[in-house]
There are 2 protein chains.
Amino acid sequence: MTGPVVGIVGGGQLARMLAEAATPLGIHVRVLAAPSDEGASEVVPDVVVADPDDADALRAFARSVDVVTFDHENVDHDLLRELEGDGVVLRPSVATLEHSDKAHQRRRFSAAGIPVPDFLVLPGGSDVDADAAAAFAARHRDSGATSGDVVVKASRGGYDGRGVWILGEEQLRQFVDSWSGAPLVIEPLLRLRSELAVLVARRPSGEVVTWPVLETIQVDGMCNEVLLPAPIGEALRARAHAIGVQVAEEVEACGVVAVELFVVGAEADGAEQILVNEIAPRVHNSGHLTIEANATSQFEQHLRAILDWPLGPTDGASAAAMANVVGNGSDEPRSRQAEALAAVPGAHLHLYGKSPRAERKVGHVTVLAADVAAARRGAALVADVLAGGGTPIEEAATSTEGRS
Amino acid sequence: MTGPVVGIVGGGQLARMLAEAATPLGIHVRVLAAPSDEGASEVVPDVVVADPDDADALRAFARSVDVVTFDHENVDHDLLRELEGDGVVLRPSVATLEHSDKAHQRRRFSAAGIPVPDFLVLPGGSDVDADAAAAFAARHRDSGATSGDVVVKASRGGYDGRGVWILGEEQLRQFVDSWSGAPLVIEPLLRLRSELAVLVARRPSGEVVTWPVLETIQVDGMCNEVLLPAPIGEALRARAHAIGVQVAEEVEACGVVAVELFVVGAEADGAEQILVNEIAPRVHNSGHLTIEANATSQFEQHLRAILDWPLGPTDGASAAAMANVVGNGSDEPRSRQAEALAAVPGAHLHLYGKSPRAERKVGHVTVLAADVAAARRGAALVADVLAGGGTPIEEAATSTEGRS
């Protein structure tokens, strides 16, 4: 172990793909995996098995490595603060991780002038004010600019469409009255022209790079496909990059941050607006295609950034698409590789070593092609074969709002 | 372990890079590593530590996996034949592996009409005929087409220039008289215009693919740099591909086979001839740049081929170069990554997890660029930084013969 030692909290596919990027760089990876985690353990020799809420285990793990980073954000922030106070190097820092709280994120971005949807934060527990929620919904219904429904999000703990509800005014009052969990963020259900993602990497010494802007396609609130390049004009592209960099600076990102964006507004070119949907202070599903499509992948770049090494170029292929492989509860993608490769010989398979429980991301496929449509067809076809043929890919180019 | 299990005999960098390619494909890798092997063990969880000459260990290992492949050829062929007889799937087969014997290879290729240098095989042990060797050398000296010296190669056990000697006529007689090892192959020392490598993959069901032809640059008999594309005309390129395919069919390759070629003959376009220098029935140093420069790397392709999965496309970047990182006995490349990446931010580092003993390959660097000269400069610079600045890269575009 002569190279630096990076500790990753969490043993899912993000840890697995970080480890894949670490090997050629001569970086040693140590993973803190929960007993139930699948993904990294089969391919990383140095795994500590413990629940990330086990304070003693996390303390010992953090002190055994040069820098700590994260596969997920579900870690007790008070404990992380204690570790930071003791001199453990957390990248990202707790201050950055706190932006995974949707209420905190909305308030901070709004105060910093970063464009976000109109929102209302309701305290959690038993103090939820149903009247305020109803008034917010009514105001947006009357504005005519939205569908009339609202989106209600738990500020913490959601992912892949979980913790997000789309409700009419009547349902909203009932929901809020019966809620006793985390604070809620309420927003109008916007009519989206499309959803974008911009990935940004920032290192402690300040260098910041972005990747070409991506289009993301959500199905049932879960990111299902990602397309490169996003079909937008130069003005919108520049705006997306500028917002991405502003967000990375605002949250003092260290490593990769994924910024998910809504495109709203009139159809006419130049009339679109970009709003920040949410961010993930880490590598992200929307960036998986960077492994093959860009000069430096999000995984390699994250490692370079958290070690404060020079960042790499991010220029990309002319067109690429990623499709997730989603489990259906029975078919095992790890027995279908030959069939998948026969469907599209140049497809890049990424299987995560996870059992194919229904609705669970168990892999992804990236295809490079001469144009986005061809890449998208190829990636969707291969993902469908791997999933067992049970995952019809929707052709919708726009989507309703959701969490990816 | 739901996917197929591939067993790799040997735990060096080729096993390490095969494992890197196996992970995203959902292929489980098990490595049989000798106690002294460095490279794969740090990054592969499933390692059996035993000497490959330990018959019981190799038998148990082979029977625990779906298919056996090789990081190196230094395995007892009689034992492998026994395993094949018992139904173990060896890919490549023993019959293919036997071509790593240089005498066997020369005779087979010559009989099959594959162009090779003129050669003489002398039996090993105490039966070596110094007069025959001297007569061979004299005949080539008198032809005027060569330098007058001869190349003497041990038929087995050499690598990276070891087991190869360049000798004048007087030295030859002395050498042969004192030799008591493996059979020897004697060839004229040819005036080379350049050296090429063509990689070929072949699967059991017969599909064969080649990659774009590469130029290899040897220093002291060790492959030091590889350039894509090779600076040759279309006729020579087609000839190299045809010979590569013929070799793969002749040796009944399964997986990747690297075919190293000499270009000899007059300077005028169209007057060059290609001769097969030697082959390696496995992934090879000359193909490392395929990881970034080609649609399918040699490592992924080898896995696809030995599992009889469809082979992938091999179209390549417009220009790329690879430079080996060679140890100098003291400087540790695993502490120089930041410096190396600062030198050429888009360089792709590959460190093998090996201690930097002098003259030992401990990593490689690949750089893609707009032209070969720029890629070569970049790769050489970064390899030099990683090696500690003690590895001057020669600018020679041609080379004397040697083993890579």
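Computed from the coordinates by the stated procedures, all read-outs in this text should not be read as laboratory data. Keep in mind the model is a prediction, meaning the values are calculated, not measured. Quick reminder, even Gly has a Cβ in these numbers, built from the backbone with ideal geometry, and neighbours come from all protein chains shown.
Hey, got the dipole for chain B? About the Cα centre, +1 on K and R Cβ, -1 on D and E Cβ, debye to the nearest 20?
On the way: 33 positive and 57 negative charges, 99 e Å.
Here chain B has a charge dipole of around 480 debye.
Between region A:12-87 and region A:311-348, the C-alpha centres lie 26 angstrom from each other. Modelled this way, with points 7 Å down the Cα-to-C-beta line, the labels at B:His104 and A:Ser318 are 4.7 nm from one another.
When the alpha-carbon atoms of region A:118-188 are used, the pair Rg, Dmax equals 11.3, 32 angstrom.
For the protein assembly as shown, the calculated P(r), taken from all Cα-Cα distances in 20 Å bins from zero up to the bin holding the longest distance, is 15, 45, 27, 10, 2, 0 percent. FRET efficiency for the A:Thr2 to A:Ala132 pair, using the beta carbon distance and R₀ = 56 Å, is estimated at 0.45. Quick one: in chain B, what % of C-alpha pairs are over 33 Å apart? In whole percent, the long-distance tail amounts to 31.
Where does the protein assembly as shown land at 222 nm, in deg cm²/dmol rounded to the nearest 500, when only DSSP H runs of n ≥ 4 count, each adding -39500 (n - 2.57), divided by all residues? Before the final figure, lay out the partial values.
Numbers: 24 runs with 241 residues, N = 808.
Calculated mean residue ellipticity at 222 nm is -9000 deg cm²/dmol.
Counting Cβ atoms of other protein chains within 10 Å of each residue's Cβ and taking the mean over peptide A:20-30 gives 6.
Note on region B:194-387: Cα Rg divided by 2.2 N^0.38 Å, N the number of residues, gives 1.03.
Across the copies of the chain, A:His77 has label points (7 Å from Cα along Cα→Cβ) spaced 6.7 nm apart, shortest distance listed first. Extension gain, B:Glu339 to B:Ala235, is 33.2 nm, computed as 0.36 nm per intervening residue step minus the present C-alpha separation. For region A:39-52, the Karplus equation 6.51 cos²θ - 1.76 cosθ + 1.60, evaluated at θ = phi - 60°, returns couplings of x, 8, 4, 5, 10, 10, x, 9, 10, 9, 9, 6, 5, x Hz by residue, with Gly and Pro reported as x. Sorted shortest first, the distances from the A:Ala271 label point to those of the same residue in the other copies are 7.2 nm; each point sits 7 Å from Cα along Cα-to-Cβ.
Other protein chain C-beta atoms within 10 Å of residue C-beta, averaged over A:322-334: 1.
Could you check the spin-label model distance between B:Ala271 and B:Asp220? Points 7 Å from the Cα along Cα→Cβ, value in nm. Rounded to a tenth, the inter-label distance reads 3.5 nm.
Distances from B:Ala370 to itself in the other copies, using label points 7 Å out along the Cα-Cβ axis, amount to 2.5 nm in increasing order.
Packing here is the average count of other Cβ atoms within 10 Å per residue, and on that basis the peptides A:190-203, A:14-27, highest first, run A:14-27, A:190-203. Dipole magnitude for region A:5-90: computed about the Cα centre from +1 point charges on Lys and Arg Cβ and -1 point charges on Asp and Glu Cβ, it is near 340 debye.
What ranking, highest mean first, results for peptides B:329-337, A:272-280 when packing means the other Cβ atoms within 10 Å averaged over each residue? List each step's numbers first, then the result.
Details: B:329-337: 18.3, A:272-280: 21.3.
Ranked from most to least packed, the peptides come out as A:272-280, B:329-337.
Approximating the spin labels as points 7 Å out from Cα along Cα→Cβ, the B:Ala55-to-A:Arg162 distance works out to 5.5 nm.
Going by average Cβ neighbours within 10 Å, how do the peptides B:63-74, A:113-124 rank, with the highest at the top? Working shown, then result.
Numbers: B:63-74: 20.3, A:113-124: 17.1.
Top to bottom by mean Cβ count within 10 Å: B:63-74, A:113-124.
What is the average number of partner chain Cβ atoms found within 10 Å of a Cβ in B:346-358?
Details: counts 6, 1, 6, 5, 4, 7, 3, 6, 2, 1, 1, 0, 0.
Mean number of neighbouring Cβ atoms from other chains: 3.
Distance from the axis that maps chain B onto chain A is least for the Cβ of the chain B residue given, with the whole Å value, as B:Pro45, 2.
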